[in-house]
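The values are calculated or read from the model by the stated rules, or taken from the named source; none is laboratory data. Remember, it's a predicted structure, so these values are computed and weren't measured experimentally. In this analysis, Cβ positions are derived from the backbone assuming ideal geometry, glycine residues included, and neighbour counts consider all displayed protein chains. Surface areas here come from the heavy atoms of the whole protein model, side chains and all, with no ligands, DNA or RNA. Shrake-Rupley method; radii C 1.70, N 1.55, O 1.52, S 1.80 Å.
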Amino acid sequence: MEIIITTRRTKRQGRAFDLDYRWRGRRYRPLLGFDLTPPEAQQRAIDMIQKIQATALQHAQAAQKAPTVRDLIPLFWKIFDVKKRIDRTRPRGILENHLLSCHQCAQLGAPCLHRFGHRDLASLKPEDGLHYIEARMEEGASAGTIRREWQVLTRLLNLGVKYEKLDRNPLQHVDLPPAEKRTRVAEADELEALRTIKEKDPSKQECRHELWRIIQVALNVGLREGKILAIERSWIKKRADGHWLCLPPAASRIRQSQRSAPEPDRLARPDGGRPLDDGRPRLSVLDQRPSVQRLLARNSSTGRNPEPPVSRPSAYVHHPLATAGCRL
C-alpha cells in the first residue's frame, strides 16, 4: 500500500507533514507533525492509518447497533406497569397494526419499511411523521383516530428522550389534522323513535330491546361504550336501598368511571323505566348536569312547567361528549 505524505511550509512552526489517505470512499488528511525525518513521518503515517481504520470500524458497529423505534417497546411496557396502567388493548393495537408496521404487513408477518418499526431513532425527521399522517388519511382513518395513534408515538419517543436513548423528539411539532368534536346528543323524540321501532323477526326484536337497554344505561349512568358492553350479571349487587351496578376498577387512569351506580335494574328494563308525562323516556342523571339545570331554570322563568330535578345523587363522571350517550 502506497502511503502519500505531503509537506507544506508554515510561518511559525516550520515544515508540516500531512497524510493523504483514502479508505472506504472517504478522504482523510490529518496532520502528522512538523519538521519530521522521513522514518518518523513514515511511522506516524502508519499509526495514523491504523487509528483511522479502527475509528471507522467503531462508528460502523455503532451504526449497526443504533436503537430503533421497536427497541423502545420493552421500555414502553415497563413504564406502563410501573404506572399501574391496565388497558393495553388500544396501545398494543396501535403499535402493532399502524406505528411499527402497516396492517397489511402485520397480517403477513413481513418487515414493513414504510412505517417506524425498523427506523433508527437518529434518522427520524418531521417529514416522516407528515408522510405517516398522509398515508393514514389515504387509508380512510379519521382525524381523531390519527391523533390517538400520534399520542402513542409521541409517548414512545418522549420516553426515549427521557431515558437518554434519543437526544430529542423530532416529531414533536408535526402538524395534525383537526378533529371534529361531537356537539350534540340524541333528542328525546329521536330516542323514542329508536325505542318504538318494530321488527318482524322475533330475534331482531330481542336485539332491539337489548339495544334500548344499552341506550338507557348510556344516558342515565354516563359510562363509556366499552364499559357498557362489558357489563356482567355479577356486577349487579342488591343493597338495602335497591340494586346497584358495582363496576370493577377502570382500565385507564385518565378515563376513570364511578365505582357504583344506583338502580340498574330499573334502567335496564325494556320499557325504559318511569316515563315522563308525555310518554318520553326519563334522562334522570343527565338532568342534573349544570347546563341542564340552567335550562330548567330558564324554562321556569318563562312560565313553563319543567320536570323537577331528580332527588337521587348524580352518578355521572364523564363529560357527556366522551361517553356512549354521545354516539346516539
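List of remarks:
- Taken as a whole, the structure leaves Leu159 outside the set of residues that are assigned to a loop (DSSP other than H, G, I, E, B) and among the hydrophobic types (A, V, I, L, M, F, W, C).
- Scanning region 188-241 for residues that are more than 32 Å from the chain's Cα centre (by Cα) and in a loop (DSSP other than H, G, I, E, B) yields Ile197, Lys198, Glu199, Lys200, Asp201, Ala240, Asp241.
- Residue match in region 99-110 (condition: of a type in the set (Gly, Ala, Ser) and modelled with pLDDT of 85 or more): no
- With respect to the stated conditions, Ser101 is buried (at least 18 other Cβ atoms within 10 Å of the Cβ), more than 14 Å from the chain's Cα centre (by Cα) and not basic (Lys, Arg).
- Answer residue from region 175-184, given it is open to solvent by less than 60 Å² (accessible area, probe 1.4 Å) and either touching a Ser or Thr at 6+ places or on another chain (Cβ under 9 Å) or over 29 Å from Gly144 (Cβ atoms) (or both) and is modelled with the highest pLDDT among those: Pro177
- Selected residue (criterion: most open to solvent (accessible area, probe 1.4 Å)) from residues of region 214-243 that are at pLDDT below 80 and touching a His at 6+ places or on another chain (Cβ under 8 Å): Arg224
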